[in-house]
Amino acid sequence: MLDNLDNIDALIARKLDGTLTQAEQAALSEWIAADATHLSYYQSIQEVWGLTGRTQWAPEPDVSDNWMKFQSKLQAQERPNELKVVHKANNKRTWLRVAAIALPILIATPLIYNHFKPSAVEVASTTIRTANGEKKTLQLADGTTVHLNENSSLAYNNDFNTAKRNIQLTGEAFFDVAQNDTKPFAVTAGRSRTEVLGTSFNIKAYHPQPVEIAVTSGKVAFMAETNANNKVVLTAGHKGILQLDETITTQPIDAPVFTQWREMRFTYHKDPFSKVINDVEKTFGIDIEVSDAEILKTDYNGLFTTQMKVPEVLEVITITTGTQWKFENGKYIISHR
C-alpha cells in the first residue's frame, strides 16, 4: 500500500513538477481515489503549490530539520508493506517544497494525520453493485436519482449529504441530481472528477477505457481527478472524454442516444458495426466472433431492444449488413453470406 507519507509526498512533488512516470501516476491516482481525505490532502498541497510557484523558492534551514524529525516519528510506527520510490537528486528542492507545504497541513488537520495510523477509524460507507445484465434505480438521501447500468458499482460515505455529496462510480450510471447550491455534487469515476449543483448527466467509466460523460440538462465541470486545472465545462447536448493520457476532448452529441441503455432501446445511424457488436455482447452477456475484421468497419443503421431474444437481435443486425450468424462451440459467429 502507498501509505508512507514520505513516498506520497515524493510522488506528489514529481506530479506537480511534471516528472512523474506512468507507473507512479497510476500509483498516485489509486491512492487519491482510495479515500476522500487523500483527495483533500492532495488538493491542499496543489493549491498552496500554485501560490508558492509564483516566487522563487528558498526554503528556510529549519524546514528540512523539522520535516525529518516529523518523518522519524511517523516511520517509528508499524507500517504495512510500502511502495519504494526512487528519489532523484535533482528533485531535492522540489521535494523540500512539498515537505514545507505538507507539514503545516498535516499538523493543522488531525483527521489526515490520524488516517496514517494503523488504528485509524474509517467512516462507514455504502456500496451498491449490479451484476451482468442487471440494472438498478436508486434514490440518494439528497433526492438525487441514480440509474446504475450493469457491471457497475456506486459507493458513498454514510455521512453523504451532511456536508458534502461525494460519490465514487465504477462502470456506468445516469444521474438526475437534486439542486442544492450549498452542497456541490461530485462524482469520481476512473481518473475523472465531475462537479455539479443540480443537473442530469451520464458517466461511463469501465476500466481500462476512457471516461465519457454526456450532459442532458444544466452544466457540469469535468476534470482529471489529480489535476483540477485540467477542466472543461460542459452544457446540455455535449460530451466530454477523458483519455488515458488525461487529455480531455469535447463534442456535441445526441444525448438521448447516449443514455438509451436506460430505455432498453439501442438506435444507430451510420455507427461502426464494431459498436453494435460491443453493445450486443454487453447487453446480453454473450461472446460474438466476427470472421472478417472488415465487417466491423461497416456503417450500421438500425435498432434493437433489450426485450428481444439474442437470435432475433442477430437476425436484425445481420440482414441489414449482408452477413450471417451461427452458434458454434459456445459462441456466436458472424461471417459474410
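Where a number appears in this text, it was derived from the coordinates with a stated rule and is not lab data. Only a predicted model underlies this, so the values are computations on that prediction, with no experimental measurement involved. Note that we place each Cβ from the backbone using ideal geometry, even for glycine, and neighbour counts take in every protein chain shown.
For Ala236, nonlocal amide neighbours, meaning residues 5 or more places apart or on other chains whose placed amide H falls under 5 Å from its own, are Gly218. As a rough footprinting exposure proxy, the listed residues Val290, Val211 were ranked by other beta carbons within 10 Å of their own, and the order from fewest upward is Val290, Val211. Taking 20 °C and 1.002 mPa s as conditions, the range 264-336 diffuses translationally at an estimated 177 µm²/s according to Stokes-Einstein applied to its Kirkwood radius (Cα pairs). Put in line by how crowded their Cβ is, counting other Cβ atoms within 10 Å and starting with the fewest, His238, His336 read His336, His238. For the range 264-336, the relative contact order works out to 37 percent when only alpha carbon pairs closer than 8 Å and six or more residues apart are counted.
What separates the Cα centres of the range 264-335 and the range 19-43 is a distance of 39 Å.
Taking a threshold of 29 Å on the Cα-Cα distance, which of the pairs Lys15/Lys297; Lys204/Lys331; Lys135/Lys309; Lys135/Lys219 fall above it? Result: Lys15/Lys297 exceed 29 Å. Scalar couplings 3J(HN,Hα) for the range 221-235, obtained by applying the Karplus form with A = 6.51, B = -1.76, C = 1.60 to θ = phi - 60°, are 9, 10, 8, 6, 4, 9, 8, 5, 6, 8, 9, 10, 9, 10, 10 Hz; x denotes Gly and Pro.
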